[in-house]
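Read the structure below first, then the notes.
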Amino acid sequence: MRTTIRTIIKTFFRLGGAAVLAVASTTIFAAGGTVALQTFDADGNGVDVVIETLDSQHMRLSSPQHQEAYLVMLGAKTYNVLQFGSLPIVMDTADMLSQMGGQMPSAPSPSDDIHKLVALEATGKKETVAGVVGDVQLLRFLDSRNQPRVEELVTVRDPLLHDISFGLYRLGTVMGAAAGITTPEGSDKLARELDAKGLGILRMGNRMRLISVNRATPPANVFDLPAEPMRAFPPLN
């Protein structure tokens, strides 16, 4: 069971810590909506993540590849929800990590090797991703080995996508704090630059891309916890 939980937590840490796309706490959320992203796990396998948001205090992440689990952000708290048969297990992220033996190494995330941001350059090109037309930019940065790298970044000025980006940033900071993960300086600087321009990301190289957008506000009960949070795993034998 704990191997399954560890895999699920790493999947959501990847998304929460990865999409460090916005940072200003004064951001005003648009109406809620749902997006799906594709990213990749540590083994290079594609992972789809569905992100639902109601407002700045409510966000839910789930994955078709891990239907037995999802993650909910309620204000400053994040909860992992795991379904084992008829038993729902709800635990605060910090408590769950403690149950898994303390700090757990995070899976590589799409932005964790942007150690120093060099430049974000407009190309004048357009690209359509999931039906949304965005601007292609060149992201120049130094990676963890201090080597120069260049990747395409497709961005768009879109209130919903920007707001979801901001929600993912908040989620990433909360989960990162629980696991002792520090955001690289370059990733944080990129986040601030994108936020200042009101941009969300449609595609980041081959690491992450938007695959669908639904602008209908999800029902509020999607964000309800199915049980009271536990501090420790119950005996399941």
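Of note:
- Single residue of the range 164-183 satisfying the filter (among the hydroxyl-bearing types (Ser, Thr, Tyr) and part of a helix (DSSP H, G or I)) that is nearest to ARG209 (Cα to Cα): SER165
- Each residue in the range 56-115 was checked for being assigned to a loop (DSSP other than H, G, I, E, B), over 30 Å from VAL150 (Cα atoms), at pLDDT 75 or above and among the hydroxyl-bearing types (Ser, Thr, Tyr), and 1 pass.
- Any chance PRO148 is surrounded by fewer than 20 Cβ atoms within 10 Å (Cβ to Cβ) and modelled with pLDDT under 75: no
- Of the candidates LEU190, LEU210, LEU225, the single residue that is more than 22 Å from ALA119 (Cβ to Cβ) and not in a strand (DSSP E or B) is LEU225.
- Of everything listed in (1) surrounded by fewer than 17 Cβ atoms within 10 Å (Cβ to Cβ); (2) of a type in the set (A, V, I, L, M, F, W, C); (3) under 20 Å from the mean Cα position of the chain (by Cα); (4) over 22 Å from ILE51 (Cα atoms), the single unmet condition for LEU225 is (4).
- Residue list for the range 177-196, restricted to those being among the hydrophobic types (A, V, I, L, M, F, W, C) and over 21 Å from LYS77 (Cβ atoms): LEU190, ALA191, LEU194, ALA196
- Taken over the range 178-200, residues that are out of contact with any Lys or Arg (no Cβ under 9 Å at 6 or more places or on another chain) and in contact (Cβ under 8 Å) with a residue 40 or more places away in the chain amount to 14.
- Here the range 151-163 is the region considered, the condition is being among the aliphatic types (A, V, I, L, M) and in a helix (DSSP H, G or I), and the residue that is surrounded by the fewest Cβ atoms within 10 Å (Cβ to Cβ) is LEU160.
- Pairs, first free of Cβ contacts under 8 Å to residues at least 60 places away in the same chain and under 30 Å from VAL129 (Cα atoms) in the range 210-234, second of a type outside the set (Gly, Ala, Ser) and assigned to a helix (DSSP H, G or I), C-beta under 8 Å, six or more apart: none
- Residues that are out of contact with any Gly (no Cβ under 8 Å at 6 or more places or on another chain) and either assigned to a loop (DSSP other than H, G, I, E, B) or surrounded by 14 or more Cβ atoms within 10 Å (Cβ to Cβ) (or both) within the range 194-207 comprise ASP195, LYS197, GLY198, LEU199, GLY200, ILE201, MET204, GLY205, ASN206, ARG207, listed in sequence order.
- Scanning the range 155-190 for residues that are of a type in the set (Phe, Trp, Tyr) and out of contact with any Ser or Thr (no Cβ under 8 Å at 6 or more places or on another chain) gives a single hit, TYR169.
- Candidates are the residues of the range 164-182 that are touching a Gly at 6+ places or on another chain (Cβ under 8 Å) and surrounded by 21 or more Cβ atoms within 10 Å (Cβ to Cβ); the one that is modelled with the highest pLDDT is ILE164.
- Summed over the range 53-67, residues that are farther than 15 Å from PHE166 by Cβ and either among the aliphatic types (A, V, I, L, M) or surrounded by 14 or more Cβ atoms within 10 Å (Cβ to Cβ) (or both) total 5.
The values are calculated or read from the model by the stated rules, or taken from the named source; none is laboratory data. Model, not experiment: these values are computed from the prediction. No Cβ is skipped: glycine too gets one built from the backbone with ideal geometry, and neighbour counts run over all protein chains shown.
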